Every structure is written in C-alpha cells, then in structure tokens.
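So the structure is just underneath, and the comments pick up after that.
The values are calculated or read from the model by the stated rules, or taken from the named source; none is laboratory data. Not measured: the values here are computed from a predicted model. No Cβ is skipped: glycine too gets one built from the backbone with ideal geometry, and neighbour counts run over all protein chains shown. Each accessible area value is taken on the protein alone, full model and side chains, heavy atoms only, with ligands, DNA and RNA left out. Shrake-Rupley method; radii C 1.70, N 1.55, O 1.52, S 1.80 Å.
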Amino acid sequence: MTLNWKIGGLLLGLVFFAAVLLVKPIGVSTQFVILDGIVADMVNPDLVTQTDEGYTSTNAYLAKSKGKYAKSVANPLNYSFIFVIAMVVGGFVSVMMRGGLDKAERTMPALWRANFGDSAAKRNLATFVGGFIVLYGARLAGGCTSGHMMSGMMQTSLSGYIFALGAFAAAVPVAMMLYKKEA
Amino acid sequence: MTSIILAIVLGVAFGFVLDRIGATNPTVIGRMLNLTNLSLAKTIVLAIGVGSVLMFGGQMLGLVSVGHMSVKAAYIGVFIGGLMLGAGWALAGFCPGTGVVAAGSGRKDALFFIAGGLLGAAAYMVTYPSWKASGLLDSIAGGKVTLGTVPGSKFEGITALPGDILGIVLGLGFIVLAFALPDRLAGQPGGAARQPAE
C-alpha cells in the first residue's frame, strides 16, 4: 500500500527537515565508500592509519578532505554510517507492518517482469550493473538522490540542481526505452 | 552517544517513509521515470518544498541552526555523475538510499544492487586520481554555493538575493509544482499504470 502523495510528501519533507534541524542534511552514498573502506582495511590494515592530526589513507579518495572518510572507516560507529544501517531496519519494520512483501515481488518487481520475463538471473545482473553505475556516478557527483537532489535542492544549493538535471536527463529516456509495457 | 540515538531514530524514520511512499519499489520508480505515473514525483517535489520552507522559515525564526546546512560543491563531474546515476537508477529501479531500504524490505534483487554499488564505489575510489587530474572535479560558479545569500551561512550565494527568503519562495514553488504536475505525461490515460503498486 502506497501513501497518497500529499501525505507521503509531507512525511518525507518532515524527515528531511528533522534531520537538518537535529543533525545535518541526509545523505547515503558516501557510506558505500565507508563500507568498502572498512572491508579493505580489514584485509589490508595499512590502508587507513592514524596521524597526529587525525586519520589518513594510502587511498587518495579516503585521504581527501583531511582524511574525513578515513576517519569514518576507522570509526564505523559514527552518525552517518549508523543512519544508513537504521534505514534498512526502517524498511523492514514498514514492510512487516503492511503484511510483508509477496514472493514474486521479493524476486523482481512487476514492471520488470512485464517487460523482461521471469528470469531472476537476468534481473539480478541488471541490478548489479545498475548498482555499479549508480554508485560510481554518485561518488563522481559527490552525492546521490538523497544528498544532492533532495537535501541539496531543499537548501537551494546550485550543485543539487545540476545533479537533478543530469539524473533526470538520463533516467527518463532510459526508462522510456526499457519499460514500454505497463504493468 | 546522542548522535548514535539520533542516527537510529532518523534512519529508521527515513527508511520507513521511503518504503511507504513506494520509493523502494522499482515498479513505482520505473513508472515515474517513463512518465506513466508521476505520483512519486509529486511526493518528492512536495517533500523538497516542505523541507525547504520549514528549514528556511525555522532559520528566520532562529529555531534552526544555519550551521547545520551542508552545501555540496558544484563541478562538471556533478552533471556527469548525475547522468550515470540516472541511467543506473532507471535500469535497476534503485538509488543508493532506496536500494538499502529495499533490501531491508525483502527484495533479493536489491542485494545485487548493493553488491554492484559497493564495487562501483570501490572502482571510483581507485580511479579518483584520474578524475582529479582531469579538472572535472574543479569547482564551477564558486563551488559550494547557494542560489541566494543565506544570512549567517558559511556558504556564498551566486546572487545577492536574501537566501532564506528565496528558499521559502522556491519551497512554495515546489509545493505548487507538486500540485500542478499531472498524474501522467505518457501512455494511455486510465491505463494499467493507474493501478496501485503491488
């Protein structure tokens, strides 16, 4: 059951407002980098190291902005990382309260099935490739739908508008090409 | 400790609401992006408007700290990255936030999205020096800037317009836009896409 857009939009707006009131604007995609860093640092403990001023890394991306990401990798119990873990819990609670997701939907969404058939392997390959492009793009852009588009445009930041323009300029034609059959 | 509790409360609320507005369902995302059902677009546009009016209104009343604002830099890579994200978003039906929430809601395909995402983020970490050297990450139009100049903010404005008032005006504009957007722009009116999700 999907909420009416007026109620849903109000609730979503309140969540974004509560975040900026209490802590800071919402963002998600950085945490993919942090999790990569945590895993990589377990394999190779020399990746992130402590310095006199804080943290640094042999990876230039983790070391940028005075080791901001390196610090989060070294201290996973930080606000932004826990926030994303909590989002998973929120999704779980919501779906349980609406009676769970049916079996067919758990494998693939109806619109995909209507256009590309029942193969789970095909769907999983598509989401894997999609995930790769989405996160590579989000890190290049410096944020994703949450951080750039929603938090950014809400704060009237120029970068949020540039990002939204790029995202929809690609997303709409690709979706129109892919999903010709309605479900 | 307080910040961890806030992370849990706000994160759970965000995940919960993303699921309830249908954003974790790639069918709903696909219908928005192929323009056959814009109700999620209306939801998102309304949320941006509501958030903006409350935040800037709160700042003007002194209830919201201007220091909590966090503006990201503008550079050419923002547009290129946006294009990439948009293409992947349309293909998978997930963006980074909705992908993790969808995994929590029991969607198995979202786990593959997260795996691909972790690999994509790692690929960016490795290739970052080339992007840096290309100049495509260099700030344009002042970098971390807002459209107006927000009083008390460390971020500069690209215009001298009062940023808080501009924020409220734009926020109200988003709210009007949410109401003005039609239910659909493509496909058959009253077609299958009008059916509720799932």
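Under 30 Å from B:Ser134 (Cα atoms), out of contact with any Cys (no Cβ under 8 Å at 6 or more places or on another chain), β-branched (Val, Ile, Thr) and buried (at least 24 other Cβ atoms within 10 Å of the Cβ), is that true of B:Val78?
yes
Within the stretch A:71-183, which helices (runs of 4 or more DSSP H) (wholly inside it) include 3 or more residues that are within 24 Å of B:Ala47 (Cβ to Cβ) and not β-branched (Val, Ile, Thr)?
Answer list for the stretch A:71-183: A:79-97, A:120-141, A:158-178.
Only residues that are touching a helix residue (DSSP H, G or I) at 6+ places or on another chain (Cβ under 7 Å), among the hydrophobic types (A, V, I, L, M, F, W, C) and open to solvent by 10 Å² or more (accessible area, probe 1.4 Å): list them for the stretch A:127-163, please.
A:Phe128, A:Val129, A:Phe132, A:Ile133, A:Met150, A:Met153, A:Ile162
With the requirement that a residue be closer than 17 Å to B:Leu91 by Cβ and open to solvent by less than 10 Å² (accessible area, probe 1.4 Å), what does the stretch B:101-120 give you?
B:Ala102, B:Arg107, B:Asp109, B:Ala110, B:Phe113, B:Gly116, B:Gly117, B:Gly120
Please find, among A:Ile85, A:Ile34, A:Ile26, the residue that is closer than 23 Å to B:Val9 by Cα and either open to solvent by 40 Å² or more (accessible area, probe 1.4 Å) or in the same structural domain as A:Val134 (by TED's automatic domain parsing) (or both).
Unique residue meeting the criteria: A:Ile85.
When both residues are 6+ apart or on different chains and their Cβ atoms are under 6 Å apart, which pairs have a first residue that lies in the stretch A:166-183 and is facing chain B (nearest Cβ under 7 Å) and among the β-branched types (Val, Ile, Thr), and a second that is crowded, with 18+ Cβ neighbours inside 10 Å and in a helix (DSSP H, G or I)?
A:Val172/B:Leu33; A:Val174/B:Ala87; A:Val174/B:Ala90
Taking only the stretch A:164-183 into account, find how many residues are of a type in the set (A, V, I, L, M), open to solvent by 10 Å² or more (accessible area, probe 1.4 Å) and under 17 Å from B:Val28 (Cβ atoms).
Of the residues in that region, 5 qualify.
Name the pairs: first residue in the stretch A:41-60 and in a loop (DSSP other than H, G, I, E, B), second residue loosely packed, with under 10 Cβ neighbours inside 10 Å, Cβ to Cβ under 7 Å, at least 6 apart or on different chains?
From residues that are in a loop (DSSP other than H, G, I, E, B), the pairs are A:Thr58/A:Asp46.
Restricting attention to the stretch A:46-58, does a residue exist that is of a type in the set (S, T, N, Q), within 30 Å of A:Leu12 (Cα to Cα) and buried (at least 16 other Cβ atoms within 10 Å of the Cβ)?
No - not one qualifying residue is present in the stretch A:46-58.
Residue check: is A:Ala70 hydrophobic (A, V, I, L, M, F, W, C), without any contact (Cβ under 8 Å) to a residue 40 or more places away in the chain, crowded, with 24+ Cβ neighbours inside 10 Å and in contact with a Gly (Cβ under 8 Å, 6 or more places away or on another chain)?
In short, yes.
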